[in-house]
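Here is the structure we will look at, set down as structure tokens.
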Amino acid sequence: MELLYVKKIKLQRYCDNHGKLSVIEEYKGIPFEINRVYWIYDVPCGESRGGHAYYENNELVIAISGCFDLILSDGVSEMRYTLNRPDEGIFIPAGFWRELINFSTNAQALIFASTKYNPNDYIINKNELVK
Ligand code: TYD
């Protein structure tokens with residue numbers, strides 16, 4: 001595994017008079033094999049998502065539209081990012097607690113995941129992070 005830490009990743013972007021296009025390919029702009037893609041949308045005002053970590057799953061989170069804040073914790077220190085650009089993503093390795101908050105109207109989060117969905121991969125007790 002070459003990247004073990006949270007990292008902001010600038011995505012490839014192509015602009016012309018017709019608009020903009022960004023692209024991700026496995027191991028190119030994203031440091032893992034993509035096994036799953038999901039998206040979060042229609043988050044009511046004041047609601048949050050996440051509130052857990054994963055044992056194995058690595059993710060890349062992109063604000064494909066609108067804006068939200070991502071709070072990450074390794075159990076000791078906390079990082080906070082505001083995501084509001086569809087041409088950049090936050091790489092979150094397994095083991096980091098995440099909370100997505102402050103969703104703007106029409107905010108949409110696009111998430112690339114390294115594993116298939118597995119309910120047993122969730123860490124729901126924050127105290128487990130420091131172990
Ligand atoms: P959850 O991971 O708790 O969402 P969030 O972290 O954004 O708050 O998932 C919410 C629900 O969706 C839960 O019932 C499980 C289901 N789900 C899947 O079935 N497959 C998936 O890939 C994901 C991410 C969630």
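Counting Lys +1, Arg +1, Asp -1, Glu -1, what net charge surrounds W39 among other residues with beta carbon under 15 Å of its beta carbon? List each step's numbers first, then the result.
Details: positive: R36, R49; negative: D42, E59.
Net charge around W39: 0.
May I ask you to compute the full-extension gain from N125 to H18, defined as 0.36 nm times their residue separation minus their alpha-carbon distance, rounded to one decimal in nm? Don't skip to the answer; put the middle values down first.
Values: separation 107, 0.36 × 107 = 38.52 nm, distance 4.71 nm.
Extending this stretch completely gives an extra 33.8 nm.
Test of the criteria: in region 1-58, which chymotrypsin sites (Phe, Trp or Tyr not before Pro) are in a DSSP loop and have at most 16 other Cβ atoms within 10 angstrom of their Cβ? It would help to have the intermediate numbers written out before the result.
Details: sites: Y5, Y14, Y27, F32, Y38, W39, Y41, Y54, Y55; in loops: Y5, Y27, F32, Y41, Y55.
Here the sparse-neighbourhood loop sites are Y5, Y27, Y41, Y55.
Given a Förster distance of 25 Å, report the FRET efficiency between Y5 and N106 from their Cβ-Cβ distance, rounded to the nearest 0.05.
After rounding, the FRET efficiency stands at 0.20.
Over the chain, what relative contact order in percent results from Cα pairs under 8 Å that are six or more residues apart?
On the way: 307 pairs, mean separation 45.0, N = 131.
Relative contact order here is 34 percent.
Could you name the aspartates and glutamates whose alpha carbon sits less than 18 Å from that of K7, not counting residues in the same chain fewer than 8 places away?
Qualifying aspartates and glutamates at Cα under 18 Å: E25, E26, E33, E56, E59, D69, D74, E78, D87, E88, E99.
Please state the charge dipole magnitude for the chain, taken about the Cα centre, from unit charges on C-beta atoms (+1 on K and R, -1 on D and E), reported in debye and rounded to the nearest 20.
Details: 14 positive and 17 negative charges, 37 e Å.
I would put it at about 180 debye.
Every number here is computed from the coordinates shown, using simple stated rules; none is lab data. None of these values were measured; they are calculated from a predicted model. A quick note on method: Cβ atoms are made from the backbone with ideal geometry, for glycine too, and the neighbour counts reach across all protein chains shown.
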